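Notes for the one structure printed next.
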Amino acid sequence: MHDTVNLEILGIPSVFVASHVFEDGAEKQAKALGAEPAAVYVPHPIQDRTDAEMTDIADACFASLCEALLGR
């Protein structure tokens, strides 16, 4: 989250990506930082996913990530 906020401050468009179970915490941290970064949340858990599953997750969120990055 800090990296995303810092990049945005520098004028570099950024999107915060995390698994959905961290959505509440991410929103609270963003509020504490005084920021509203673009965010995309993916299914949880991540750590035990196969390469093929990770590819599917990336493919599924790619459009949302691009839209968030472009501010749409």
If you scan segment 46-72, which residues turn out to be modelled with pLDDT of 95 or more, in contact with a strand residue (DSSP E or B) (Cβ under 8 Å, 6 or more places away or on another chain) and not aliphatic (A, V, I, L, M)?
Cys61, Ser64
Segment 50-70 residues that are under 11 Å from Val17 (Cα atoms) and without any contact (Cβ under 8 Å) to a residue 24 or more places away in the chain, paired with ones that are assigned to a helix (DSSP H, G or I) and not polar (S, T, N, Q) (beta carbon under 9 Å, 6 or more apart):
Ala58/Leu65
Please specify each residue of segment 20-69 satisfying the condition of being among the small types (Gly, Ala, Ser), assigned to a helix (DSSP H, G or I), closer than 21 Å to Asn6 by Cβ and over 13 Å from the mean Cα position of the chain (by Cα).
Ala32
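Each row is one residue, and each column tells you yes or no for (1) surrounded by 15 or more Cβ atoms within 10 Å (Cβ to Cβ); (2) closer than 15 Å to Leu70 by Cα; (3) among the hydroxyl-bearing types (Ser, Thr, Tyr); (4) free of Cβ contacts under 8 Å to residues at least 40 places away in the same chain.
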| site | (1), (2), (3), (4) |
| --- | --- |
| Asp3 | no, no, no, yes |
| Gly11 | no, yes, no, yes |
| His20 | no, no, no, yes |
| Gly34 | no, no, no, yes |
| Ala39 | yes, yes, no, yes |
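The values are calculated or read from the model by the stated rules, or taken from the named source; none is laboratory data. Because the structure is a prediction, the values reported are computed rather than measured. In this analysis, Cβ positions are derived from the backbone assuming ideal geometry, glycine residues included, and neighbour counts consider all displayed protein chains.
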